[in-house]
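Report on the following structure.
The values are calculated or read from the model by the stated rules, or taken from the named source; none is laboratory data. Keep in mind that this is a model prediction, so the values were computed, not measured. Neighbour counts run over all protein chains shown; Cβ positions are idealised from the backbone, glycine included.
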Amino acid sequence: MERAAFLSNELPRRAAPSPQARWDARAVITPEARAAFLETLQEERVKVLEELGLAGKPELPTREQRQVERHSIRRARPSQLPEKDNSSTTEKFQKADTE
């Protein structure tokens, strides 16, 4: 079983590089980039909490915590990733969370 898992990560799939080759080719995240992302993420959390009307709550239920995290991370991700429509409306958040 271990051998099969190893081979599945080492061997290329069709015309694409193997998972291991893709992992090895990834860009290294610098400490500065990580710090900038975390700072942006915190700013986005505040914005999302305000937009959802949850800014003053001391503790959120799990579902709302996860909703805030999902939307904050989507907005804070580095610009080299494909962008999605991040318009800030409560209706869009609610629609996305029910799909």
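Observations on the structure shown:
- Members of segment 2-48 found to be modelled with pLDDT of 85 or more and not in a helix (DSSP H, G or I), listed by number: ALA25, ARG26, ALA27, VAL28, ILE29, THR30
- Taken over segment 17-47, the criterion of being more than 24 Å from LEU7 (Cα to Cα), out of contact with any helix residue (DSSP H, G or I) (no Cβ under 6 Å at 6 or more places or on another chain) and basic (Lys, Arg) is satisfied by ARG34, LYS47.
- All of (1) surrounded by 11 or more Cβ atoms within 10 Å (Cβ to Cβ); (2) in a helix (DSSP H, G or I); (3) under 22 Å from the mean Cα position of the chain (by Cα) hold for LEU60 with one exception: (2).
- Residues of segment 1-56 classified as farther than 30 Å from GLU69 by Cβ and basic (Lys, Arg), total: 3
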